[in-house]
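All remarks here apply to the structure that follows.
The values are calculated or read from the model by the stated rules, or taken from the named source; none is laboratory data. A quick note: this is a predicted structure, and the numbers were derived from the prediction, not measured. A quick note on method: Cβ atoms are made from the backbone with ideal geometry, for glycine too, and the neighbour counts reach across all protein chains shown.
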Amino acid sequence: MPESFLEVENVDLAYDAESGNAIEDVSLAIREHEFVAMVGPSGCGKSTFMKLCSGLRAPTKGRVRVGGRAVSGPLKIVGMAFQNPTLLPWRTTLDNILLPLEIVEPYRSSFKEKRGAYAERAKTLLETVGLHGQEGKFPWELSGGMQQRVSICRALVHEPQLLLLDEPFAALDTFTREDLWCVLRDLWALKRFTVVLVTHDLREATFLADTVYVMSKRPGRILARRTIDLPRPRELDVTYSERFAEIVLELREHIGRIRKTG
């Protein structure tokens, strides 16, 4: 096994004394370049887990390490995208993508000097996700799927080692969602960043991930780990295969058991 890139060891996290633990005794290890998906019922702590990975929240107990170092604050090597694209309406597509480079060091201090090079990097990303020529458009001129592509480009423009995705496709229709699965698949194959994807969509998790973790109800614990042994590269046709359906059913049975307990 390659050395772990992200390690979570016996972690609890409580937001306050009254509400109790949001997640409890969570341990897992993610290899560099691995694509991991987290699934489970609403409120189980999936998004809390992402805050731990990014350094936005510190554990109440246990430890989190990324790249061999203890996480003690927000990490600069992380890119994040969420269910809502949260693009700034007064900025063009290009300027929305460049925003992290304007405000985060070490890029901010050299942004004016290197803006041209950074803009070319952003345009290359736009071309990769099928938005060539859209750099001058404003968010209100783009469809929901196009806005989410821009959001993913913004998360990747500073070339992060770890990409955290919190239900990025949940608000989209089925056809757009599947299209973006393929976009993400291709970006990951090209850039080889490490990915943690939070999703309620078991098909999405099975299609994209190397490994799927199933979390319990709050306080969230890891109840199951499922290696996805479907060969890569994966085309959408695989989602209609018997093997794919078996894996999704297995994950669904885990979720079903969770719902019947407590």
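Leu172 meets the conditions (1) buried (at least 17 other Cβ atoms within 10 Å of the Cβ); (2) in a helix (DSSP H, G or I) in every case but one. The failed one is (2). Within region 83-109, the set of residues being in contact (Cβ under 8 Å) with a residue 40 or more places away in the chain and basic (Lys, Arg) comprises just one member, Arg91. Is it the case, given these coordinates, that Leu208 is farther than 23 Å from Gly145 by Cα, among the hydrophobic types (A, V, I, L, M, F, W, C) and surrounded by 19 or more Cβ atoms within 10 Å (Cβ to Cβ)? No: the conditions fail for Leu208.
Inspection of region 236-249 finds a residue satisfying the criterion of being surrounded by fewer than 18 Cβ atoms within 10 Å (Cβ to Cβ), farther than 30 Å from Gly62 by Cβ, in contact with an Asp or Glu (Cβ under 8 Å, 6 or more places away or on another chain) and among the aliphatic types (A, V, I, L, M). Determine which single condition Val64 fails, assuming it passes every other condition in (1) within 17 Å of the chain's Cα centre (by Cα); (2) under 23 Å from Glu167 (Cβ atoms); (3) surrounded by 12 or more Cβ atoms within 10 Å (Cβ to Cβ). Val64 satisfies every listed condition except (1).
Looking only at region 64-121, residues that are farther than 17 Å from Cys153 by Cβ and among the hydroxyl-bearing types (Ser, Thr, Tyr) come to 3 in all.
Note on region 175-205: among residues that are part of a loop (DSSP other than H, G, I, E, B) and buried (at least 17 other Cβ atoms within 10 Å of the Cβ), the one that is farthest from the chain's Cα centre (by Cα) is Asp201.
Got a sec? Which of Pro41, Pro100 is more than 26 Å from Tyr118 (Cα to Cα) and in contact with a helix residue (DSSP H, G or I) (Cβ under 8 Å, 6 or more places away or on another chain)?
Working: Pro100 fails: more than 26 Å from Tyr118 (Cα to Cα).
Criteria check complete, one pass: Pro41.
Pick from Thr48, Thr86: which is surrounded by 13 or more Cβ atoms within 10 Å (Cβ to Cβ) and either on the phi < 0 side of the Ramachandran plot or not basic (Lys, Arg) (or both)?
Details: Thr86 fails: surrounded by 13 or more Cβ atoms within 10 Å (Cβ to Cβ).
Residue meeting the stated conditions: Thr48.
Of Ser47, Ser72, all but one fail to be touching a strand residue (DSSP E or B) at 6+ places or on another chain (Cβ under 7 Å) and hydroxyl-bearing (Ser, Thr, Tyr); the exception is Ser47.
For region 69-82, which positions are in contact (Cβ under 8 Å) with a residue 24 or more places away in the chain and surrounded by fewer than 18 Cβ atoms within 10 Å (Cβ to Cβ)? Can you show your working first?
To start, the set of residues in region 69-82 that are in contact (Cβ under 8 Å) with a residue 24 or more places away in the chain comprises 75-82.
The answer is Lys76, Ile77.
One residue stands out among those in region 115-149 that are in contact with a Phe, Trp or Tyr (Cβ under 8 Å, 6 or more places away or on another chain) and not in a loop (DSSP other than H, G, I, E, B): the one that is nearest to Ala81 (Cα to Cα), which is Gln148. Considering Ala155, Ala171, Ala122, the condition of being under 13 Å from the mean Cα position of the chain (by Cα) and touching a residue at least 12 places away in the same chain (Cβ under 8 Å) is satisfied by Ala155 alone. Of all the listed residues (Pro85, Pro89, Pro106), the sole one being within 30 Å of Val26 (Cβ to Cβ) and not aliphatic (A, V, I, L, M) is Pro85. Phe35 meets the stated requirement of being of a type in the set (A, V, I, L, M, F, W, C), within 19 Å of Tyr213 (Cβ to Cβ) and modelled with pLDDT of 95 or more.
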